[in-house]
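Colleague: Below you will find the structure I want to go over with you.
Computed from the coordinates by the stated procedures, all read-outs in this text should not be read as laboratory data. Quick caveat, the model's predicted, so the values are computed rather than measured. All Cβ positions, glycine included, derive from the backbone under ideal geometry; neighbour counts span all protein chains shown.
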Amino acid sequence: MNTDRYISPLSERYASKEMQYIFSQDMKFSTWRKLWIALAETEKELGLNITQEQIDELKAFAEDINYDVAIEREKLVRHDVMSHVYAYGVQCPKAKGIIHLGATSCYVGDNTDIIVMKEALLLVRRKLINVIAELSEFAEKYKSLPTLAFTHFQPAQPTTVGKRATLWMQEFLMDFEDLEYVLETLKLLGSKGTTGTQASFLELFNGDHETIDKIDPMIAKKMGFDACYAVAGQTYSRKVDTRVCNILAGIAASAHKMSNDIRLLQHLKEIEEPFEKNQIGSSAMAYKRNPMRSERIASLSRYVMIDALNPAITSATQWFERTLDDSANKRISIAEGFLATDGILDLCLNVVDGLVVYEKVIEKHMMSELPFMATENIMMDAVKLGGDRQELHENIRSLSMEAGKNVKVEGKENNLLELIAQDEAFNMTLDDLQKSMDPSLYIGRSKEQVEAFLKQVISPILEKNASILGVKTEINV
């Protein structure tokens, strides 16, 4: 363990090993080498004087990266790509002369960035669909359990615990749809040359435009992509990074909203995130059960949402065919945005999988407010018994204020039903009024909405992605 230098909490505490590998040096530089192999194979297949022996030599060392040679070379030439070209050539003396032929640095740098982002998006996609799946199970289980709904965090017309969970799901579903679109439209840069004109290939292939048109599609296919962007400067448009990070920011916003709701519910003692047997909530207050995971979701989510500004500003400030003021920012903001999002989704999976619902507390809160919710129904029933609607409305308003004072000023129980029973204008006994105290009478179509949403919207998506369901995560600390 290195204790004498800064180590990113994203790798030490939050992100999974799988996501960390995607942004590792091994992933980056082995992908560079695979791109050089794809370029050499393409050039050979299109008629350049490149031998199979050279290709085989390159393939033999695709994963065996001599970092020490590259590091020493970069100290001398101050250029990372040419340092790795040199290091690869040391291992592959027969192929040395054809490595990187016709390409510019962005051929390996930018294409690798796209490949890495695609792999990272696929991991995010897998975890996101599992969050949706876990929420769907929760919503199904509690689709009929009445609970107070809130507007302005004030008690409002009841909903169900399951229906509230569908609100979280709906936002994650929107993120999933956005992610699908970005994945489907993601393309490689290809091999466009120093300003995107492919001038070097025009020289290599003696002005044969028809042959040059085949280069990018062939490279794309070898690297597992459908196509390359039709036009580019030296780099792919940094707008791509903006689109990708906006997906991450959207997921972060959805997770933040859900985590805030869970934190509020935990304060109400209605629903709690999982709390382990030996977990300590407070160093001073031993009884505390703080919503640590949900707070961490919110904390990381704020970082990801703000991080999305980085690629947007970078995209807006690129000069003509390229500048290099994107490089240092890009290698930090993209990687850390994904690492933080990975941590967020792991936390979401852990929290939703272990949510504890306290039904008796939910019922208690519901029943303390239900007399207020039931007043419209009570008034209608009283009208049917011969009462005057306008008089009854004024009486209920006045009695509700009195009951509210009893609760908030006197600290007493809600006695609105007793007050109404004592008012002769209503012509109703306390027993009559108690019949209106069934919470299920006031949840509207919550249960039916949950069932329809799960069946018509969520189930088809989960069935389509059945092969990637079942992800379980562990929280590092």
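Colleague: Work out, step by step, the length gained on full extension between Thr194 and Lys412: first 0.36 nm times the residue separation, then minus their alpha carbon distance; give nm to one decimal.
Modeller: Between Thr194 and Lys412, full extension yields an extra 70.7 nm.
Colleague: Taking a threshold of 18 Å on the Cα-Cα distance, which of the pairs Lys364/Lys412; Lys360/Lys472; Lys17/Lys472; Lys127/Lys472 fall above it?
Modeller: Check vs 18 Å cut-off fails for Lys360/Lys472.
Colleague: Could you work out the local net charge near Leu183, counting Lys and Arg as +1, Asp and Glu as -1, over the other residues with Cβ closer than 13 Å to its Cβ?
Modeller: Charge balance near Leu183 sits at -2.
Colleague: Moving to a separate point now. Considering just Cα atoms, how many Å³ per residue does the convex hull of the chain enclose?
Modeller: Taking only Cα atoms, the chain has a hull volume of 204 Å³ per residue.
Colleague: What is the gain in length, in nm to one decimal, between Leu309 and Lys384 on full extension, counting 0.36 nm per residue of separation less the C-alpha to C-alpha distance?
Modeller: Gain on stretching Leu309 to Lys384: 20.9 nm.
Colleague: Simple spin-label model, 7 Å along Cα-to-Cβ: Leu324 to Asp353 in nm?
Modeller: 4.5 nm
Colleague: Another question about this same structure. Which distance in Å, rounded to a whole number, links the C-alpha centroids of segment 42-108 and segment 133-191?
Modeller: Their Cα centres are 48 Å away from one another.
Colleague: Anything in the chain that counts as a DSSP H helix reaching 24 Å or more along its axis (C-alpha) with Kyte-Doolittle mean of at least -1.0? List them, would you?
Modeller: Qualifying helices, which must be both long enough and hydrophobic enough, are 25-45, 105-141, 161-185, 239-267, 327-353.
Colleague: Report the local net charge at Asn206: Lys and Arg +1, Asp and Glu -1, summed over other residues whose C-beta lies under 15 Å from its C-beta.
Modeller: Here the charged neighbours net out to -4.
Colleague: Could you give the nm distance between label points at Ser299 and Glu12, where each point is 7 Å from its Cα heading toward the beta carbon?
Modeller: 1.3 nm
Colleague: Kindly provide the Kirkwood hydrodynamic radius of segment 375-436 in Å, to one decimal, from all pairs of distinct alpha carbon atoms.
Modeller: 11.7 Å
Colleague: For the residue pair Ala230 and Met292, what label-to-label distance in nm results when each label sits 7 Å from Cα along the Cα-to-beta-carbon direction?
Modeller: About 5.4 nm, to one decimal.
Colleague: Below 8 Å, C-alpha to C-alpha, sequence gap of six or more: please give me the relative contact order for segment 23-98 in percent.
Modeller: It comes to 30 percent, rounded to a whole number.
Colleague: What's the Kirkwood radius of segment 410-477 in Å, using all Cα pairs?
Modeller: Hydrodynamic radius (Kirkwood, Cα only) of segment 410-477 equals 17.3 Å.
Colleague: Restrict the search to segment 41-110; then list the trypsin sites (Lys or Arg not before Pro) that DSSP places in a loop and that have at most 15 other Cβ atoms within 10 Å of their Cβ.
Modeller: The qualifying sites are Arg78, Lys94.
Colleague: Using r as the Cβ-Cβ distance of Ser237 and Lys44, and R0 as 45 Å, what FRET efficiency do you calculate, to the nearest 0.05?
Modeller: Computed FRET efficiency for Ser237 and Lys44 comes out at 0.90.
Colleague: Okay, moving on. Grab the eigenvalues of the alpha-carbon gyration tensor for segment 148-229, scale each by 5, take roots, and send me the semi-axes largest first in whole angstrom.
Modeller: Taking √(5λ) for each Cα gyration eigenvalue gives 54, 12, 6 Å.
Colleague: Using the 2.2 N^0.38 Å rule of thumb for compact globular proteins, work out how segment 179-266 stacks up: its C-alpha Rg over that value, please.
Modeller: Ratio of Rg to 2.2 N^0.38 Å for segment 179-266: 1.64.
Colleague: Then there is this: Hey, with R₀ at 60 Å, roughly what FRET efficiency would Leu462 and Gln25 work out to, going by the Cβ-Cβ distance, to 0.05?
Modeller: 0.95
Colleague: Defining a contact as two alpha carbons under 8 Å apart and six or more residues distant in sequence, what relative contact order in percent does segment 375-436 show?
Modeller: 35 percent
Colleague: Give me the Kirkwood hydrodynamic radius of segment 292-450, using the inverse of the mean 1/r over all pairs of distinct Cα atoms, in Å to one decimal.
Modeller: About 21.0 Å, per the Kirkwood formula over Cα pairs.
Colleague: Radius of gyration and Dmax for segment 357-403's Cα atoms, expressed in Å?
Modeller: For segment 357-403, the Cα radius of gyration and maximum Cα-Cα distance read 13.6, 43 Å.
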